[in-house]
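The values are calculated or read from the model by the stated rules, or taken from the named source; none is laboratory data. Model, not experiment: these values are computed from the prediction. Cβ placement follows ideal geometry from the backbone for every residue including glycine, while neighbour counts extend to all protein chains displayed. Note: accessible area is taken over every heavy atom of the protein model, side chains too, but ligands, DNA and RNA are not part of it. Shrake-Rupley method; radii C 1.70, N 1.55, O 1.52, S 1.80 Å.
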Amino acid sequence: MMLYWISLIVLALVAVFFILSPLLRKTAVIAETTSVIDSEDQEKQQNRLNVTLYEQRLAELDSNLARGDISTVDHQTMVVELQRQLLKDVQGQAAPDLTQGVTSKVARLTMWGVAFIVPCLALAIYWQLGASRELSMVASMPSSAELANLSLPELTKKLESAVQKQPDNKDGWFWLARVYAAQQRYSESLKAYQTLQTLVPDDAEVMARLAETLYLANGNRMTNEVVIYAKQALQRQPKQQIALGLLGIAAFESGQYQQAIDHWQQILASGIADGEAQPIRQGIAKARQLLAEQQSSSSSSTNAMASASDSKVSSETGAALKLQVLVEADPKLDAALPKTAKVYVLARPVGVKMPVAVTVLQLADLPSLVTLDDSQSMMPELKLSQQNTVDVVALVSATGDPKHVNSHIEQSGISVKDQKDVIKLKIPFVP
């Protein structure tokens, strides 16, 4: 701030110099002329001046006559009058000009007044129309050198002091919200972003960061409010990366894998650093894997149902064979794994890994009562009704891959034909 005022004073002095320089030059010329006149004879000097003026005036009359501005008669009359005036000036004494000193003095005072008024007027106009308020905001913010040497708590106090002094300091509120979030003080970060949004209601980045902070404050869980803010940010800035990332997460958690892939690919297309791009690429790869499994499961289910309807069963009893399974999960398991974790419920022949019936749920769907029958067969030639005894298994996988199991429960030797009661499986928590 001090540098600004020093610069302003220097510029004002330069302006004053340019205003007064003509006056200073004129004073120097007058002083030089006076010294010359004092050293020569006054009368001769005056006569020379009168002759010079006569010659200049005569030349002007001749030029006017040549251009046709005056007639010949007028030209002759003016020349005679000019000669008569010259004779009078050379022979007589010129009366002293008593007003010259007064005029010069008034001119000098006017010049000095202008030199004082112009900088004052410029300062007054700037104070009303200039960016003095914004400059004061910038001055209240910590400098880059201060930021490098401050800890997070110290920086937080600096920023809090800045926004208290300047409540409409947009930069101050923005960085204060970021610093709060870095310290996981999400409730305070939310308040800072909400205050900032009142100052810049249409800023896409503020909306996106507000949505991000809501997501973090909710324990990395998606809510309708997060989605609303993210969509509003995307409406104002179609390639807003934070909003695209959040909407991708929301789509992924709801099983809309293609939509998640589309959102995340837009982030990569907008250009980001390799370190930030790597987790996004991993998320896209995972979404593609789950999308393929989803499509394969849907196709297998359709084919199994078509095969079951087309195939002939040996008896009505065989066709109606089914097992009912109530699947639950330990509450600790529900807290430890994401709601989107896959739960596989299957029946397989004793001692055989290939299931004869399988269905897929999400952890969020539990508890759930599922039915295993021939329509869920993985292979048309290998059906539940063809078995005497089976193992009934429930397993959970956070990655969605049944080969990477977090926990499972199993009941062995279930009689397919004699089992009438509901089979209860509660998936345990494994630390």
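Per-structure values
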| quantity | calculated |
| --- | --- |
| Count of residues meeting criterion [open to solvent by less than 30 Å² (accessible area, probe 1.4 Å) and under 24 Å from Phe429 (Cβ atoms)] in region 369-386 | 1 |
| Among the candidates Val343, Val390, residue that is within 48 Å of the chain's Cα centre (by Cα) and at pLDDT 90 or above | Val343 |
| Condition broken by Gln266, with the remaining ones in (1) modelled with pLDDT of 90 or more; (2) more than 30 Å from Thr156 (Cα to Cα); (3) open to solvent by less than 50 Å² (accessible area, probe 1.4 Å) satisfied | (3) |
| Filtered residue count, region 177-215, keeping only those that are small (Gly, Ala, Ser) and under 17 Å from Ala243 (Cβ atoms) | 5 |
| Long-range neighbours under 7 Å by Cβ, at least six apart or interchain, first residue free of Cβ contacts under 8 Å to residues at least 60 places away in the same chain within region 167-186, second aromatic (Phe, Trp, Tyr) | Ala177/Tyr193 |
| Per-region count, region 62-83, residues in a loop (DSSP other than H, G, I, E, B) and open to solvent by 70 Å² or more (accessible area, probe 1.4 Å) | 1 |
| Positions within region 343-361 being open to solvent by 30 Å² or more (accessible area, probe 1.4 Å) and touching a residue at least 40 places away in the same chain (Cβ under 8 Å), in sequence order | Arg348, Val350, Val360 |
| Flag if Lys88 is exposed (fewer than 10 other Cβ atoms within 10 Å of the Cβ), modelled with pLDDT of 60 or more, in a helix (DSSP H, G or I) and more than 60 Å from the chain's Cα centre (by Cα) | no |
| Failed criterion for Arg221 (all others in (1) over 30 Å from Leu361 (Cβ atoms); (2) at pLDDT below 90 hold) | (1) |
| Residue that is surrounded by the fewest Cβ atoms within 10 Å (Cβ to Cβ), among those in region 393-415 that are polar (S, T, N, Q) and under 58 Å from the mean Cα position of the chain (by Cα) | Thr399 |
| Any helices (runs of 4 or more DSSP H) falling wholly within region 166-261 and containing at least 1 residues that are β-branched (Val, Ile, Thr), over 30 Å from Ala336 (Cα atoms) and open to solvent by less than 20 Å² (accessible area, probe 1.4 Å) | 204-217 |
| Selection status of Asp274, buried (at least 16 other Cβ atoms within 10 Å of the Cβ), among the acidic types (Asp, Glu), farther than 26 Å from Ser187 by Cβ and free of Cβ contacts under 8 Å to residues at least 40 places away in the same chain | no |
